[in-house]
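Novice: Before we start, here is the structure in question, set down as structure tokens.
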Amino acid sequence: EENQFDLYATGREVFKKMFDPIESSLHFLLESCDSLQSFRCLYDVHNSFSGLFSSIEDYLVDECPKRPIWSFGLSNRTMSSPLNLCFSFVHS
């Protein structure tokens, strides 16, 4: 299908399939921080990046449980996918 990456669940599946490279990149970045205070994240709520970010957010909560995560969902359309929007807000 042409718009296969428009679904929230697809982003969660991508995270599961690509866990090792994503985890090693995030782990490297976390170790290079001297004094990590919080995370500020922007993500697209219109497509599967909302599901991918939700999975990454879960990973960050597990790795740094005492660090706050400020997440902001963005969309470049006036009417983004209501289902993706609901899933990402409920999960955050």
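Novice: Mind checking the angle between helix 49-63 and the chain's longest principal axis? C-alpha axes, 0 to 90 degrees, to the nearest 10.
Specialist: Result, in degrees: 20.
Novice: Of the heavy-atom accessible surface of the chain (probe 1.4 angstrom), what whole percent is carbon and sulfur?
Specialist: Working: 3790 of 6540 Å².
Its accessible area is 58 percent carbon and sulfur atoms.
Novice: Still on this structure, please answer the following. 222 nm [θ] for the chain, helices only, -39500 (n - 2.57) per DSSP H run of 4+, per residue, to 500? Walk me through the intermediate numbers first.
Specialist: Details: 4 runs with 48 residues, N = 92.
One gets -16000 deg cm²/dmol as the mean residue ellipticity at 222 nm.
Novice: With only alpha-carbon atoms in the gyration tensor, what are the semi-axes of the equivalent ellipsoid for the chain, in Å, largest first? Could the numbers behind the result be given before it?
Specialist: Details: eigenvalues 121, 49, 20 Å².
They are 25, 16, 10 Å, listed largest first.
Novice: In addition: I need the peptides 57-63, 45-51, 26-32 ranked by packing, meaning the mean over residues of other C-beta atoms within 10 angstrom, with the highest value on top.
Specialist: Working: 57-63: 14.0, 45-51: 23.0, 26-32: 10.7.
Highest-to-lowest ranking by the protection proxy: 45-51, 57-63, 26-32.
The values are calculated or read from the model by the stated rules, or taken from the named source; none is laboratory data. Quick caveat: nothing in here was measured; it's all calculated off a predicted structure. Here the Cβ is made from the backbone with ideal geometry for all residues, glycine too, and neighbour counts use every protein chain on show. SASA here: full protein model, heavy atoms, side chains in, ligands and nucleic acids out. Shrake-Rupley method; radii C 1.70, N 1.55, O 1.52, S 1.80 Å.
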